[in-house]
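Notes to accompany the following structure.
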Amino acid sequence: MKRVIVVIILMLPIALFAQKVKLGDKTNQVTIDGVNSFKIERSGCGWGMPDCHFDVFDNDGNKVIRINYKEFKSPMERKASNPEGIVRYYEYIFLDSKSKAEIEYLYMKEEKVAKNIVKNNLIVDGKLNDKAVEEFVLVHGTDFSARASRNR
């Protein structure tokens, strides 16, 4: 019983300060704690479609981020659950600074991508957060595309 109480006490601050991220079904408007923050649009993400990407717009309607779904085959990644060795990732392109970063694949859902944008503070108060973008690019780099070029 003491363990349960300790766990609840430890988890309470996390629950209290967690941001509530919602994606409007028809508008693709992302709200954080009920306040409009940005808009995200998915395009070309059906089965077999080669150009899957997400466009992210600030509250002024300016496209600020392009997120491309990418994949490549790597013999190092072959295993029973992945016999072809497919590596999937997202390439974030920050349009104003022309900088790029790559992260692991998060699924094709706009809500997952939006939550990642919020988690990394890439958009704050409806505007692109340049400091967070700089840190995101520095931390994540472009390791996936470097690996992809070695496997061609």
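The values are calculated or read from the model by the stated rules, or taken from the named source; none is laboratory data. If you're wondering where the values come from, they're calculated on a predicted model, not measured in any experiment. Here the Cβ is made from the backbone with ideal geometry for all residues, glycine too, and neighbour counts use every protein chain on show.
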*Report yes if Tyr89 is touching a helix residue (DSSP H, G or I) at 6+ places or on another chain (Cβ under 9 Å) and in a strand (DSSP E or B), otherwise no.*
yes
*Please determine, by comparing only the residues of segment 59-70 that are assigned to a strand (DSSP E or B) and touching a residue at least 40 places away in the same chain (Cβ under 8 Å), which one is nearest to Ala148 (Cα to Cα).*
Lys70
*asked:* For segment 92-145, give me each residue that is of a type outside the set (D, E, K, R), over 19 Å from Val30 (Cβ atoms), in a strand (DSSP E or B) and in contact with a Ser or Thr (Cβ under 8 Å, 6 or more places away or on another chain).
replied: Ala101
*Considering Ile40, Ile32, which residue is farther than 19 Å from Glu91 by Cβ and of a type in the set (A, V, I, L, M, F, W, C)?*
Ile32
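Confirm whether Asn36 is assigned to a strand (DSSP E or B), surrounded by 10 or more Cβ atoms within 10 Å (Cβ to Cβ) and at pLDDT below 90. Steps first, answer last, please.
Working: assigned to a strand (DSSP E or B): yes; surrounded by 10 or more Cβ atoms within 10 Å (Cβ to Cβ): yes; at pLDDT below 90: yes.
Yes: the conditions hold for Asn36.
Quick one: count up the residues across segment 40-58 that are in a strand (DSSP E or B) and in contact with a Gly (Cβ under 8 Å, 6 or more places away or on another chain). Reasoning before the result, please.
Here is the first cut: in segment 40-58, the residues in a strand (DSSP E or B) are 40-43, 53-57.
Applying the additional criterion that residues be in contact with a Gly (Cβ under 8 Å, 6 or more places away or on another chain) yields 53.
Qualifying residue count, segment 40-58: 1.
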*Ala132 is checked against (1) in contact with a strand residue (DSSP E or B) (Cβ under 6 Å, 6 or more places away or on another chain); (2) free of Cβ contacts under 8 Å to residues at least 24 places away in the same chain; (3) surrounded by 14 or more Cβ atoms within 10 Å (Cβ to Cβ); (4) at negative phi and fails just one. What number does that condition carry?*
(1)
*Search result, residues across segment 130-152 that are in contact with an Asp or Glu (Cβ under 9 Å, 6 or more places away or on another chain) and either of a type in the set (S, T, N, Q) or within 27 Å of Asp60 (Cα to Cα) (or both)*: Asp130, Val133, Thr142, Ser145
